[in-house]
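Below is one structure, written out as structure tokens, with a few remarks after it.
The values are calculated or read from the model by the stated rules, or taken from the named source; none is laboratory data. This is a predicted model, so every value here is computed, not measured. Quick reminder, even Gly has a Cβ in these numbers, built from the backbone with ideal geometry, and neighbours come from all protein chains shown.
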Amino acid sequence: MPTHFAIMSLMNKEIKRVAIVRLSALGDIVNSAIVLQFIKQKYKNVTIEWITEEAFLPLLLKNSSVNRVHSINLKKIKKEKNLDLLKQTITKLKSLDEFDIIIDMQGLIKSAIVSKFIGKKTHGFDRKSTRESLASLFYKSSSKIPYETSVVKRNCFVVADALGFEIDDEMILNKKPIFKITKKFKLQKEKKNIAFVIGASWKSKIYPKEKIVEVCNALKQKCHIIWGSEQEKKNAEWICKNSEFATLAPSLNLSELVSFISHMDLLIGNDTGPTHMAWAQNISSITLFGPTNLRMIYETPTNIGIESPSKVNILKINKNDFSIQEIPSQTLIEKAKELLYGL
């Protein structure tokens, strides 16, 4: 549990306006958005506004607990060294209405600076609880939460600490689906529908496509291969060519991806955003880990992780650790059958 250094006066007043700063990335946005429903349960009339990178605006708009989403484009500013856009962004942040508290859930220097531009009543992680300790200098109050804590719990704890209430395991386990389903997909019902997320931000996070074929052939169910980039599409097509049980998932935007995953009986994937969406939507899932570990998910009876033999140092991740390739396909097959059939 966190050590409490929050703005104590908040505990004795009505919370009317809260700003959440979580700029990126997809998996972090997914694992952070759970807090919204808990804030609304505690403070029913609160207005919650979220500041994020432009790419994730459509996803957050699918959460009914957030009242308004503000998008900025720091990636474009950095890539193009666009000073005019930087000035516009700063002006935009400074013009936001006054908040009772601004909570930085990201804990990076860039997110801390964004929080400070919004207002003075900032809260985040203390200097020992984040990789970029200088970020803590921008907060008026902070929470001490060990960095090795599950990312979902860290997100919940820092928000609960800031707002003076508690989020426990029972609440997390019994959460409502985080995002709205906006599209219906007609899928066959004769077999189980299993989604495979085959991509990731690092090559070392990717489970071999040959082993995915082995899993598809062993499960003998309808296996939908999700892809994002052109390279992922090529790999997905290769999997489909080598397994009669695999089918290419359609091209999906973020909102459609949430809806598609919400139709599945099981999702199997690498440690990446689309895989975390299954947990967010209360869909059974298996997440595969090589250079990262179980800290990245919140395990439940129906959302589990399989780790490679690698010893992971979360403070110094080795992106050249390809040990995910060592996870036996048979282990994955057995876990999938347990979740599908209770075996």
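Listed here are the residues, each with its yes/no results for (1) within 24 Å of Ile261 (Cα to Cα); (2) touching a strand residue (DSSP E or B) at 6+ places or on another chain (Cβ under 7 Å).
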position	(1), (2)
Val158	no, yes
Glu166	no, no
Glu190	yes, no
Asn193	yes, yes
Pro208	yes, no
Lys211	yes, no
Checklist entry - Pairs, please: C-beta under 7 Å, at least 6 apart or cross-chain, first residue free of Cβ contacts under 8 Å to residues at least 24 places away in the same chain and in the range 316-343, second among the basic types (Lys, Arg)? => result Leu343/Lys337
Next on the checklist: Tell me whether the range 139-152 contains one or more residues that are of a type in the set (A, V, I, L, M, F, W, C), touching a residue at least 40 places away in the same chain (Cβ under 8 Å) and under 14 Å from Ile34 (Cβ atoms).
Outcome noted: yes
Next on the checklist: Going by what's in this entry, would Lys42 be described as surrounded by fewer than 17 Cβ atoms within 10 Å (Cβ to Cβ), in contact with a helix residue (DSSP H, G or I) (Cβ under 9 Å, 6 or more places away or on another chain) and without any contact (Cβ under 8 Å) to a residue 40 or more places away in the chain?
Outcome noted: no
Next on the checklist: Checking the conditions here, which among Lys180, Lys153 is outside the structural domain of Asn31 (by TED's automatic domain parsing) and at pLDDT 95 or above?
Outcome noted: Lys180
Next on the checklist: Please verify whether Lys76 is modelled with pLDDT of 95 or more, assigned by TED's automatic domain parsing to the domain that holds Ile145 and outside any loop (DSSP other than H, G, I, E, B), treating the condition exactly as stated.
Outcome noted: no
Checklist entry - Taking the range 193-208, which residues are more than 13 Å from Leu248 (Cα to Cα) and either surrounded by fewer than 17 Cβ atoms within 10 Å (Cβ to Cβ) or touching a Pro at 6+ places or on another chain (Cβ under 9 Å) (or both)? => result Gly199, Ser201, Trp202, Lys203, Ser204, Lys205, Pro208
Checklist outcome for this item: With criteria (1) within 16 Å of Val18 (Cβ to Cβ); (2) at pLDDT below 95, Ile103 comes up short on (2)
Next on the checklist: Conditions first: (1) in contact with an Asp or Glu (Cβ under 9 Å, 6 or more places away or on another chain); (2) closer than 30 Å to Asn253 by Cα; (3) aliphatic (A, V, I, L, M). Ile51 passes all but one, so which condition is the exception?
Outcome noted: (1)
Checklist outcome for this item: Flagged in the range 312-343 as modelled with pLDDT of 95 or more, farther than 20 Å from Asp265 by Cβ and charged (D, E, K, R), in numbering order, are Lys319, Asp321, Glu326
Checklist entry - What tally of residues in the range 289-337 results from selecting those that are part of a loop (DSSP other than H, G, I, E, B) and aliphatic (A, V, I, L, M)? => result 6
Item to check | First in the range 49-63 and over 16 Å from Gln37 (Cα atoms) and assigned by TED's automatic domain parsing to the domain that holds Val30, second anywhere and part of a helix (DSSP H, G or I) and of a type in the set (Gly, Ala, Ser), Cβ under 6 Å, 6 or more apart | outcome: Pro58/Ser255
Checklist entry - Is there any pair linking a residue in the range 74-98 that is of a type in the set (Lys, Arg) to one that is exposed (fewer than 15 other Cβ atoms within 10 Å of the Cβ) and outside any helix (DSSP H, G or I), with Cβ under 9 Å and at least six apart or on different chains, and which? => result Lys76/Asn82
